[in-house]
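Asks: The structure's right below; bear with me while I get my questions together.
The values are calculated or read from the model by the stated rules, or taken from the named source; none is laboratory data. The structure displayed is predicted, hence computed values, not measured ones. Cβ coordinates were reconstructed from backbone atoms using ideal geometry, including for glycine residues, and neighbour counts include every protein chain displayed.
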Amino acid sequence: MLADERVGIRRNVRTAIVTGGASGIGKATCEVLARDGYRVAIVDRDELGAHAVADAIGGSAFSCDVTDERAVASTFERAVEALGAPLDALATPAGVVDATPFAELDAATFLRVYQVNVIGTFLCMREAAKHMQSGGRICTVASVAGKRGGGLHGTAAYAASKGAVLALTRNAARALAERGIAVNGIVPGPVLTPMLQTSLADESKRALIESSTLLGRSAEPLEIAEAIAWLLSPAASYVNGEMLAVDGGLLFD
Ligand SMILES: NC(=O)c1ccc[n+]([C@@H]2O[C@H](COP(=O)([O-])OP(=O)(O)OC[C@H]3O[C@@H](n4cnc5c(N)ncnc54)[C@H](O)[C@@H]3O)[C@@H](O)[C@H]2O)c1
């Protein structure tokens with residue numbers, strides 16, 4: 001039996017929506033999925049960036065803030081229409097970081113981070129699931145900060161939001177299992193993207209962050225995207241509710 005048949009998909013072309021596809025991990029995910037033959041729709045609040053990536057990979061782009069519930073619903077409708085087939089895969093890298101020290105962090109900042117990283121991820125999963133058949137696959141993006149409680153780059157709001165993504169991912173796996181939709185997530189360590197630029201520009205901070213991994217370096221976005229693509233693929237057909245660390249061994253012990 002072919003891997004696609006195991007998960008109930010018999011079309012030749014697979015379809016995917018990638019949030020945050022204009023930059024960093026999301027952009028690399030779009031490139032890998034397009035390389036693997038997917039038709040890709042990008043959902044990002046950065047309209048110009050999303051269109052640039054879409055043009056490069058032959059996909060489509062949709063400007064949307066993932067915290068806007070109505071906009072997410074209508075954007076997913078339009079994106080699936082553009083894809084021209086039921087949705088096979090969703091990746092949710094759209095996210096923000098915050099490094100405000102604990103004592104200076106205010107509720108408004110905390111809420112903004114939570115809204116994008118947690119509620120944004122939830123809304124996109126909920127809307128994507130409406131357009132998926134049995135065999136659909138979702139991959140969320142947490143962070144080692146959500147497991148360790150931060151300490152390297154993001155602080156309280158970021159760490160707590162990524163911890164929430166871990167729980168949300170497992171909850172979605174339970175909730176969507178009866179429809180044959182699998183939900184997993186990845187837990188990246190440090191990745192060379194615009195999000196980490198400020199921290200990595202400081203040599204001593206960079207050394208601290210990178211020496212905490214067994215590999216002694218940060219990841220290229222492609223190294224994270226390959227793991228996302230695998231979790232979204234029929235090759236991962238028996239993987240569900242899993243959070244895969246892609247962290248160079250940072251969480252090893
Ligand atoms: N870079 C790292 O070291 C690292 C480590 C662990 C986890 N992560 C996570 O990986 C994901 C991707 O991060 P990245 O490093 O590629 O960052 P990035 O800043 O390069 O990309 C984030 C993308 O999300 C989009 N985005 C942000 N808020 C949005 C919103 N409200 N609506 C729609 N789009 C929005 C941005 O426009 C951008 O294109 C994030 O969830 C981040 O927390 C990153």
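Asks: The conditions are (1) within 12 Å of the ligand (Cβ to nearest atom); (2) under 18 Å from the mean Cα position of the chain (by Cα), and ALA173 fails exactly one of them. Which is it?
Replies: (1)
For (1) part of a helix (DSSP H, G or I); (2) in contact with a helix residue (DSSP H, G or I) (Cβ under 8 Å, 6 or more places away or on another chain), each residue gets a yes or a no:
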| residue | (1), (2) |
| --- | --- |
| ALA128 | yes, yes |
| SER134 | no, no |
| ILE138 | no, yes |
| GLY146 | yes, yes |
| GLY150 | no, yes |
| GLY154 | no, yes |
| TYR158 | yes, yes |
| GLY163 | yes, yes |
| ALA167 | yes, no |
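Asks: Is it true that GLU81 is closer than 27 Å to SER143 by Cα, among the acidic types (Asp, Glu) and in a helix (DSSP H, G or I)?
Replies: Working: closer than 27 Å to SER143 by Cα: no; among the acidic types (Asp, Glu): yes; in a helix (DSSP H, G or I): yes.
Against the criterion (closer than 27 Å to SER143 by Cα, among the acidic types (Asp, Glu) and in a helix (DSSP H, G or I)), GLU81 does not qualify.
Asks: Under 21 Å from GLU242 (Cα atoms) and more than 12 Å from the ligand (Cβ to nearest atom): which single residue out of ILE186, ILE181, ILE228, ILE224 fits that description? Lay out the reasoning, then the answer.
Replies: On the way: ILE186 fails: more than 12 Å from the ligand (Cβ to nearest atom); ILE228 fails: more than 12 Å from the ligand (Cβ to nearest atom); ILE224 fails: more than 12 Å from the ligand (Cβ to nearest atom).
Sole residue among the options that is under 21 Å from GLU242 (Cα atoms) and more than 12 Å from the ligand (Cβ to nearest atom): ILE181.
Asks: If you scan segment 140-162, which residues turn out to be within 12 Å of the ligand (Cβ to nearest atom) and without any contact (Cβ under 8 Å) to a residue 40 or more places away in the chain?
Replies: Pass one, segment 140-162, residues within 12 Å of the ligand (Cβ to nearest atom): 140-148, 150, 152-154, 157-159, 161-162.
ALA145, GLY150, ALA159 - these are the residues of segment 140-162 that are within 12 Å of the ligand (Cβ to nearest atom) and without any contact (Cβ under 8 Å) to a residue 40 or more places away in the chain.
Asks: Follow-up question, since we're still on this one. Quick one: in segment 70-110, of everything that is more than 12 Å from the ligand (Cβ to nearest atom) and of a type in the set (D, E, K, R), which residue is nearest to VAL32 (Cα to Cα)?
Replies: Out of the qualifying residues, it is ASP88.
Asks: Suppose we filter ARG174, ARG179, ARG206 for residues that are surrounded by fewer than 17 Cβ atoms within 10 Å (Cβ to Cβ), in contact with a helix residue (DSSP H, G or I) (Cβ under 8 Å, 6 or more places away or on another chain), of a type in the set (D, E, K, R) and modelled with pLDDT of 95 or more; which single one remains?
Replies: Details: ARG174 fails: in contact with a helix residue (DSSP H, G or I) (Cβ under 8 Å, 6 or more places away or on another chain); ARG206 fails: modelled with pLDDT of 95 or more.
From the options ARG174, ARG179, ARG206, the qualifying one is ARG179.
Asks: Taking segment 130-142 only, how many residues are farther than 16 Å from LEU231 by Cβ and not charged (D, E, K, R)? Before you say what the answer is, go through the steps one by one.
Replies: Our first condition is that a residue be farther than 16 Å from LEU231 by Cβ; within segment 130-142, this holds for 130-131, 133-134.
Subset that is not charged (D, E, K, R): 131, 133-134.
Selection size over segment 130-142: 3.
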